[in-house]
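Trainee: Starting off with a structure, shown below.
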Amino acid sequence: MVRNNSNTISIAISGVGGQGVLTLAEILAKTALAEGLNVRVGEIHGMAQRGGHVVCTIRIGDGAKGPVIDAGTADLLVGFEPVETLREIHLIKKNGCVVMSSHVQYPVAVSMGQAEYPTHESILRSIGEFTDRVIEFDAMDIALKSGSSYALNMVMFGAILGTGLVPISKDSALRAIRESFPKRFEKINIDAAETGFSTVKSCL
Amino acid sequence: MAKPQELLEDNPGKTLLLLANEAIARGVLEAGVRLVALYPGTPSSEIGNNLTVMAPHIPNFYFEFSTNEKVALEVAGAAAIAGVRSMMVCKGPGLNVAADPFFSLAYVGVRAGMIIIVADDPSMWSSQNENDSRYYALMGNMPMMEPSDPIEAKSMLLEAYKYSEMFELPVLFRTTTRVNHTRAPVTFGRIPTLPQKVEFEKEPFRFVPIPSVARTRHPWLLKQVEKAREVSETSPLNFTEGEGELGIITCGVSYNYVRESLVEMDIQAEILKLGITHPIPEKKIIAFLCKHKRVVIVEELEPFIETHTRRLAQLHDVSVEILGKEQGYFSRVGEYSPRIVMEALCRIINCNTPINWEEIDDRARKIPEIPPRPPLLCAGCPHRATYYAIRAATRGKAIYPSDIGCYTLSIAPPLETADILFDMGSSITTACGLSEVTDQDVVATIGDSTFFASGLPGIVDAVYNQHRICLVVLDNRTTAMTGHQPHPGTGITGMQKKVQALDIEEVCKGLGVKYVKTVYPFESIAGLVGEVREMVKWARDNHSPAVLVSKEPCALLTAADRRREGIVLPKYYVESETCNACKRCLNRLSCPAMYMNPETEKAVIDETLCNLCGTCIAVCPQGAIKREAE
Ligand SMILES: Cc1ncc(C[n+]2csc(CCOP(=O)(O)OP(=O)(O)O)c2C)c(N)n1
Ligand code: SF4
Ligand code: SF4
């Protein structure tokens, strides 16, 4: 089958409300726009944000008209947390790339003993049913080492660019980070993005 | 996160990545709108969030967070009648609240352009229903436009003001979540200067629709709609594109899915895209129907255009196959996506979908169960402490009428303190009804913003009719659910002016409530439990309403303040040796910052998530939860 809009790259970002998924989506898209690319972002606000599961979509390229990514059409799935990655795995296209942070944030249902958190092996096995290209690392650890758990999304920003799948240069990404956040968080955010970038590069 | 200040820049030609809601806020400036009034509601909330920051910087501009949508529509309607451009914004259910003035406004009409933005929510991401507001346009005879993306949200808005002025009618500007919350590159246009104050010219026999006036206005209105239809026939907002045997009529966000689908499926079709969906361009649609043997209608929710199209085909005896919801090709439930459009088109033209979705669905079904992660009250949310106390005091046995806000999330275990809810304000009124026909205690809860928006008539009802209800007002000093807008209890206006805040306790007393107390949920859980017990007893003994105001700011506000000011407070932790793994903290409080460490099998507090409320200390029977020394 001919995919006519193969000049469009679709990225889904999945995480937990409060982890900075929305901010990452916007800054990534803003950087793409600054590079002269057409872009659409799909966000979920309101009820869906209160600590629940959040997905954001970014589509870059001329074929991007709407924001929605259907099952089997994401080139890249970025997961801020293992089960949240698994929850959206159906989005990934054949041989698409998954970038996942291994740091676990337990859902309340698990804390209350009403549900079980799947084992790491079973999560990886299920992901493996959809694609072989999985890059996994502890992004929370990098964020904390960079200076703050709030930098988690910037670690993931670096990680996305590290895959080389998104037509954005690292320089413009770092510029976007500098322009988007207060000066006093700059070093933390830049360090986080740089380490995310190099960690993923070294996994390839 | 596009900064509201950026939306103020007088920099025509500049392109920014904007949500449709931000594009609309910018459009307000470019259209020379003089007054905007709204009550927040997702998916429309960011329009107000941006305008309130922009407002003090725009000369002669007025913005308000109105008490509720009915108020907002009346404020904005009067401004447009006085002769300045105005706007009202609401979510779908908000238009229900404003329905009364909505219908009258169409009868009397406006002297300057007026737009009513209504944001529907297919799939109900954050709404109590997914009703299709387009029927309001039909029922009220009000022109309507539907943008398909953020770019159109601004360009069409400018056209909508002209359209409104051409026919002296407000225009309903209907969006959906996937338009409001999509970001796209939007290019700025010119900003005109706003007029100073205008003089209100009296014309009571137009603007006071007593029956004799209304009888003349109804035919006028119908005539205006027909004139508007003539413009709709030739308007570039209703256009065709592409060529092909197959015809597709679409509007709103579905238009994007149709375009993507045709490319993915590599097929040809002619699209008729409607921007003005009331009054529809009948001649244009008939001509389109005559050109094609098969026409597919793609629109989310109700078969609004589909029904019109079928009516026209029948009326004009066009022999054409019209395919849509009536034959089950499309659903009336939930939002669409390219996949949904492709699957329907493939069934219609009898071909395979470009992606084997069944296979993917099959694989997804085989994934072992994933623990759910629904939205919940934030770590450190004051509502959690209050509900914990309400439940403890009434041992889960009272009826708990709830209302609309973050606190509705207390429906989930273990708090389970939401039993009945219709709409904003219904906590109080449903409590009244329940208290008359049951013998159970009734403890209703309502947020501070909802209290002002639509709680007051219920309180009057309870006082005057002597309903023995208990009400806890969850006063977190903000409208949290929709993004932390101010309300009459906060002391800040939409223009960012500091004013005297209305005091909820005083308001209740003023309305005649005899039992009102303010309590502070983080001070003492045991104390709060006692207060709830006392209130319940008083309401029973006195057969009258009793109110507690539980006052503590939203945890996200306090956390943001701390972050901004660089304040680091002592942390809470579980003393592992003392914790006997009884799980009471997890099972009774369900704070998302706490979990069982699978290795030590002891409770732990995730310090990156903890918002330092201290409620868990009171819940632990072992005294294992501690706070670091200052
Ligand atoms: C008619 C109507 N208008 C607006 C909304 C959007 N909305 C949802 S919750 C809410 C108010 C939330 O504020 P509050 O009652 O103070 O509770 P909080 O979220 O702060 O806990 C609003 C306006 C709605 N659901 N229905
Ligand atoms: S862990 Fe305890 S102190 Fe921290 S937010 Fe949760 S209940 Fe409050
Ligand atoms: S946003 Fe505020 S009110 Fe809403 S759940 Fe979080 S802490 Fe509670």
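Trainee: For chain B, what is the mean residue ellipticity at 222 nm derived from helices alone (per DSSP H run of n ≥ 4: -39500 (n - 2.57); sum divided by total residues; nearest 500 deg cm²/dmol)?
Mentor: -11500 deg cm²/dmol
Trainee: Just from its helices, what would the mean residue ellipticity at 222 nm be for chain A, if runs of 4 or more DSSP H residues each count -39500 (n - 2.57) and the sum is divided by every residue, rounded to the nearest 500 deg cm²/dmol? If you can, show how the numbers build up before the last one.
Mentor: Working: 8 runs with 81 residues, N = 204.
Using -39500 (n - 2.57) per qualifying helix, the result is -11500 deg cm²/dmol.
Trainee: A further question on this structure: Please tell me which of these pairs span more than 27 angstrom C-alpha to C-alpha: B:3/B:497; B:223/B:284; A:187/B:14; A:94/B:273; B:273/B:325; B:70/B:284? Don't skip to the answer; put the middle values down first.
Mentor: Numbers: B:3/B:497 20 Å; B:223/B:284 20 Å; A:187/B:14 29 Å; A:94/B:273 33 Å; B:273/B:325 18 Å; B:70/B:284 36 Å.
As for pairs spanning more than 27 Å Cα to Cα, those are A:187/B:14; A:94/B:273; B:70/B:284.
Trainee: Over the range A:9-203, what is the relative contact order in whole percent, taking alpha-carbon pairs under 8 Å and six or more residues apart?
Mentor: 21 percent
Trainee: Rounded to the nearest 10 degrees, what's the angle between the helix B:555-565 long axis and the longest principal axis of chain B, both from Cα atoms, 0 to 90?
Mentor: That works out to roughly 90 degrees.
Trainee: How large is the Kirkwood hydrodynamic radius of the range B:4-234, counting all unique pairs of alpha carbons, in Å? Don't jump to the answer; show the numbers that get you there.
Mentor: Working: mean 1/r = 0.0572 Å⁻¹.
One decimal place: 17.5 Å for the Kirkwood radius.
Trainee: Something else: Specify which residue in the list A:20, A:181, B:212 is farthest towards the positive end of the charge dipole of the protein assembly as shown, using unit charges on the beta carbon of Lys, Arg (+1) and Asp, Glu (-1), about the Cα centre.
Mentor: Of A:20, A:181, B:212, it is B:212.
Trainee: Could you grab the Rg to Rh ratio for the range A:91-148? Cα atoms only, Kirkwood for Rh.
Mentor: On the Cα set of the range A:91-148, Rg over Rh gives 1.05.
Trainee: Near residue B:209, within a Cβ-to-Cβ distance under 10 Å, what is the net charge of the other residues, with Lys and Arg +1 and Asp and Glu -1? Spell out each step's value before the answer.
Mentor: On the way: positive: B:206, B:215, B:217; negative: none.
Net of charged neighbours comes to +3.
Trainee: Okay, moving on. What whole-number value in cubic angstrom gives the convex hull volume per residue for the C-alpha atoms of the protein assembly as shown? Show your work: numbers first, answer last.
Mentor: Details: hull volume 142.4 nm³, N = 834.
So the per-residue hull volume is 171 Å³.
Trainee: Please express the Cα-Cα pair-distance distribution P(r) of the range A:24-71 as a list of whole percents, one per 10 Å bin, running from 0 to the bin with the greatest distance.
Mentor: Reading the bins upward from 0: 26, 48, 22, 3.
Trainee: Please compute the Cα-Cα pair-distance distribution of the range A:110-196 with 5 Å bins starting at 0, giving whole percents from short to long.
Mentor: For the range A:110-196, the pair-distance distribution reads 3, 14, 19, 16, 16, 13, 9, 7, 2, 0.
Trainee: How large is the translational diffusion coefficient of the range B:568-627 in µm² per second when you combine the Kirkwood radius over alpha carbon pairs with Stokes-Einstein at 10 °C and 1.306 mPa s?
Mentor: The estimated diffusion coefficient comes to 140 µm²/s.
Trainee: Per 5 Å bin, what is the whole-percent P(r) computed from every C-alpha pair distance within the range B:184-336?
Mentor: 2, 8, 14, 16, 16, 12, 10, 8, 7, 5, 3, 1, 0
Trainee: Lys and Arg at +1, Asp and Glu at -1: add these up for the other residues within a Cβ distance under 11 Å of residue A:194 and post the number.
Mentor: Value of the local net charge: +2.
Trainee: Right, next: Express the Stokes-Einstein translational diffusion coefficient of the range B:382-560 in µm² s⁻¹, to the nearest whole number, given a Kirkwood radius over alpha-carbon pairs, 10 °C and a viscosity of 1.306 mPa s.
Mentor: The diffusion coefficient I find is 100 µm²/s.
Trainee: Let me cross-check residue A:150: its accessible surface, 1.4 Å probe, with only protein heavy atoms counted, in Å² to the nearest 10?
Mentor: Approximately 130 Å² of residue A:150 is accessible to the 1.4 Å probe.
Trainee: Give me the accessible area of residue A:54, 1.4 Å probe, in Å² rounded to the nearest 10.
Mentor: 10 Å²
Trainee: With a ≥ b ≥ c the root eigenvalues of the C-alpha gyration tensor of the range B:70-122, is it rounded (a/c under 1.5), prolate (a/b larger than b/c) or oblate? Provide the component values of the computation, followed by the final result.
Mentor: Values: a/c = 2.28, a/b = 1.72, b/c = 1.33.
Judged from the Cα gyration tensor, the range B:70-122 comes out prolate (a/c at least 1.5, a/b above b/c).
Trainee: Normalise the Cα radius of gyration of the range B:15-73 by 2.2 N^0.38 Å (N = residues in it) and let me know the number.
Mentor: The range B:15-73 yields a ratio of 1.08.
Trainee: Moving to a separate point now. Please list B:484, B:543 in order of solvent-accessible area, largest first, computed with a 1.4 Å probe with all protein chains present.
Mentor: On the way: B:484 60, B:543 85 Å².
Correct descending sequence by accessible area is B:543, B:484.
Trainee: What fraction, in whole percent, of alpha-carbon pairs in the range B:104-149 exceed 12 Å separation?
Mentor: Tail of the P(r) past 12 Å holds 69 percent of the pairs.
Trainee: Rounded if a/c is under 1.5, else prolate if a/b is larger than b/c, else oblate: which is the range B:297-367, with a ≥ b ≥ c the root eigenvalues of its Cα gyration tensor?
Mentor: prolate
Trainee: How crowded by other chains is A:69-77, given as the mean number of beta carbons from other chains within 10 Å of each beta carbon? Don't skip to the end; give the middle numbers.
Mentor: On the way: counts 3, 13, 9, 10, 9, 0, 0, 0, 0.
Mean inter-chain Cβ contacts per residue within 10 Å come to 5.
Trainee: Still on this structure, please answer the following. Taking a 1.4 Å probe, which of B:577, B:30 shows the most accessible area, and what order do the others take after it?
Mentor: If we order B:577, B:30 from most to least accessible, we get B:577, B:30.
Trainee: Taking every Cα atom in chain B, find the radius of gyration and the maximum pairwise distance Dmax, and write them in Å.
Mentor: Over chain B's Cα set, Rg and Dmax evaluate to 27.2, 83 Å.
Trainee: While we're looking at this one, here's another question. What's the ranking of B:233-241, B:446-454, A:20-28 by average number of surrounding C-beta atoms within 10 Å, highest first?
Mentor: With the highest mean Cβ count within 10 Å placed first, the list reads B:446-454, A:20-28, B:233-241.
Trainee: Charges at C-beta only: +1 for Lys and Arg, -1 for Asp and Glu. How large is the resulting dipole of chain B about its Cα centre, in Debye rounded to 20? It would help to have the intermediate numbers written out before the result.
Mentor: On the way: 65 positive and 76 negative charges, 202 e Å.
Approximately 960 debye in magnitude.
Trainee: What's the Cα-based Rg to Rh of the range A:9-203, Rh via Kirkwood? Present the calculation step by step, with values, prior to reporting the outcome.
Mentor: Numbers: Rg = 15.7 Å, Rh = 16.6 Å.
Computed over Cα atoms, the ratio is 0.94.
Trainee: Heavy atoms only, 1.4 Å probe, whole protein assembly: order B:124, B:342 by accessible area, highest first.
Mentor: B:124, B:342
Trainee: Among the lysines, which have Cα under 27 Å from the Cα of residue B:514 when same-chain residues fewer than 8 positions away are ignored?
Mentor: Once the sequence-local lysines are set aside, what remains near residue B:514 is B:397, B:537, B:551.
The values are calculated or read from the model by the stated rules, or taken from the named source; none is laboratory data. Remember, it's a predicted structure, so these values are computed and weren't measured experimentally. Glycine gets a Cβ as well: all are built from the backbone with ideal geometry, and neighbour counts include every protein chain shown. Note: areas computed on protein heavy atoms with side chains; ligands, DNA, RNA excluded. Shrake-Rupley method; radii C 1.70, N 1.55, O 1.52, S 1.80 Å.
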